[in-house]
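Just below is one structure, and these are the notes that go with it.
Nothing in this text is a laboratory measurement; each read-out follows from the coordinates by a stated rule. Since we're looking at a predicted model, the values are computed, not measured. Reconstructed Cβ throughout: ideal geometry from the backbone, glycine too, with neighbour counts over all protein chains shown.
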Amino acid sequence: MFHKILIANRGEIAVRIIRACRELGIKTVAVYSEADREALHTQLADESICIGPAPSKDSYLNMEQIISATVITKADAIHPGFGFLSENAKFAAMCEKCNIKFIGPSSEVIGRMGNKSEARKTMQAAGIPVVPGSEEPVLLAEEAKKLADSIGYPVIVKASSGGGGKGMRIVEKEEDFLSCFHTAQQESVNAFGDNAMYLEKYIIAPRHIEFQILADKYGSVIHLGERDCSIQRRCQKMIEESPSSVIDEDLRKRMGSAAVLAAKAAGYESAGTVEFLLDKSGEFYFMEMNTRIQVEHPVTEMVSGLDLVKEQIRIAQGETLSYRQEDIRLSGHAMECRINAENPAKNFMPCPGTVKRFHIPGGNGVRIDTAVYQDYEIPPYYDSMILKVIVHDKTRTEAIRKMETALGEIIIDGVDTNLDFLYEIISHEKFIAGDISTHFIQDYFAM
Ligand code: MV4
């Protein structure tokens, strides 16, 4: 049983974790940068400690400072949330060395799943379908081109240390390959300090389907169904929902079994997500494994009734899973919209500033996860996501109606947001028909 947990994060996910700890009777420590002195997570925690100046590299990414804060406050464990150090194997290893429990998988697993071409190899060896592509990482453009020619175009070039679209290029024609490869490789070197790339056959207009996994340290692994995260803009998720309108019970069983097998093959512990690409013919392929709690985890909480942050903490405390696969009952339809402080009319440029009038919706089946309050000053240093609206109802049609009602009631004056853009998406006939793919935004909202 942990006596005290330090949350190495900020914003809505830090508030979410503090609430889960409080419900479990566990003390909390918030770390904050100088820009977050007045932030909600700083105020809600039992203790708070400043770890440095505003820039992330000097604060929320400063491993030594966070470890020191943990030692000074005598916290037993660190919850990393998502982003920042949540998938940093070096940080997880530092925690292990300092006998601080990192709430997540081991540093070895984080490292192996963080290397996307290593992850592919692990999954391929376990018999999980992966997209046809390179077996080993590729470094030389000419060698990569030979491989691309044999795979057949279109192909997609990806960074081994990548994920989320950085260091990635889709190559439609042979003559574009070398320039695309060099660009993607340079982006990878700049972003990750790694020139290792890998290739895959490009799946045209796939759906992004991810399965939520829970795994304890004794080998038990269950899945909690899927989330359809296909509504994305430049690899940034905007809307997530569960269940997916194209997955029937048989496909859910097959993909769920593949996700559980993937977690076992990875030696996984804690909450995690197995991402698949689903093509138009219903074939699915392993894409990546995310070794963190995800932004969109509330969608699964709403259809399964589980509290995923509490489950992570219980697993980290050495408890066995509270549920067997046959205990999991998924019901109804949940949907999440991410509200960002950004201006769609100005190419989605982030728009920090002071929140004036602030009103959030409520009601049956409506959940708001946010750290924003009236007169709160949104700092310019961090991610632009400021609020998540999650709704749950019996059917997708009713969930969409509930989301429209909730979005229509929100008031966030003082900063620009993507609220109206989200409203347009969920009111679009193709969205309402469930006719979506990762190409939806580019197909219907050319921008
Ligand atoms: C793909 C793919 C199609 N075919 N791989 C996006 C980021 C990272 N998770 C991998 N991603 C993709 N990998 C193959 N073989 C489609 C995506 C993809 C995507 C690609 C470009 C622009 C937006 C996208 C949104 C979701 C998934």
(request) Go through 33-43, 421-431 and give me the packing order, highest mean Cβ count within 10 Å leading. (result) 33-43, 421-431
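Using the membrane-span-like helix rule (whole DSSP H runs, Cα extent along the own axis of at least 18 Å, mean Kyte-Doolittle hydropathy at least 0.5), which helices of the chain qualify?
On the way: long enough: 11-23 (19 Å, 0.22); 177-192 (22 Å, 0.19); 249-266 (25 Å, -0.03); 396-409 (20 Å, -0.81).
None clear 18 Å together with a mean of 0.5.
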(request) Taking all pairs of distinct Cα atoms, average 1/r, flip it, and tell me the Kirkwood hydrodynamic radius of the range 227-294 in Å to one decimal place. (result) 13.0
(request) Just list whichever of Lys101/Lys166; Lys166/Lys201; Lys253/Lys310; Lys101/Lys217; Lys253/Lys430; Lys166/Lys237 have alpha carbons separated by over 20 Å in the model shown. (result) Lys101/Lys166; Lys253/Lys310; Lys253/Lys430
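Which net charge results when you count Lys and Arg as +1 and Asp and Glu as -1 among the other residues whose beta-carbon is under 14 Å from that of Val71?
Taking every other residue near Val71 into account, the sum is +1.
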(message) Under a Cβ-only charge scheme (Lys and Arg +1, Asp and Glu -1), can you give me the dipole magnitude of the chain about the Cα centre, in debye to the nearest 20?
(response) 720
(request) Using just the helices of the chain, give the 222 nm mean residue ellipticity in deg cm²/dmol: DSSP H runs with n ≥ 4 each add -39,500 (n - 2.57), and the total is spread over all residues, rounded to 500. (result) -10000 deg cm²/dmol
(message) Could you compute the net charge surrounding Phe177? Neighbours are other residues with a C-beta less than 15 Å from the C-beta of Phe177; K and R count +1, D and E count -1.
(response) -2
(request) Give the peptides 54-63, 305-314, 249-258, 224-233 in descending order of average Cβ contacts within 10 Å, highest first. (result) 224-233, 305-314, 54-63, 249-258
(request) Between beta-carbons, use under 10 Å as the cut-off and find the net charge around Asn364, counting Lys and Arg +1, Asp and Glu -1. (result) 0
(request) Report, as a whole number in µm² per second, the diffusion coefficient that Stokes-Einstein gives for the chain at 4 °C and 1.567 mPa s using the Kirkwood radius over alpha carbon pairs. (result) 58
(message) Nothing charged except the Cβ atoms of Lys and Arg (+1) and of Asp and Glu (-1): what's the magnitude of the dipole of the range 4-103 about its Cα centre? Round to the nearest 20 debye.
(response) 220
(message) Charges at C-beta only: +1 for Lys and Arg, -1 for Asp and Glu. How large is the resulting dipole of the range 42-89 about its Cα centre, in Debye rounded to 20?
(response) 80
(request) Could you state the orientation-averaged shadow area of the convex hull built on the Cα atoms of the range 155-306, in nm² to one decimal? (result) 9.7
(request) Translational diffusion coefficient, Stokes-Einstein: compute it for the range 4-103 using the Kirkwood radius over C-alpha pairs as Rh, at 10 °C and 1.306 mPa s, and state it as an integer in µm² s⁻¹. (result) 123
(request) Mind pulling the per residue volume of the convex hull built on the Cα atoms of the range 316-443? Å³ is fine. (result) 170
(request) Among Asp369, Asp248, rank each residue by its count of other Cβ atoms within 10 Å, from fewest to most, as a rough exposure measure. (result) Asp248, Asp369
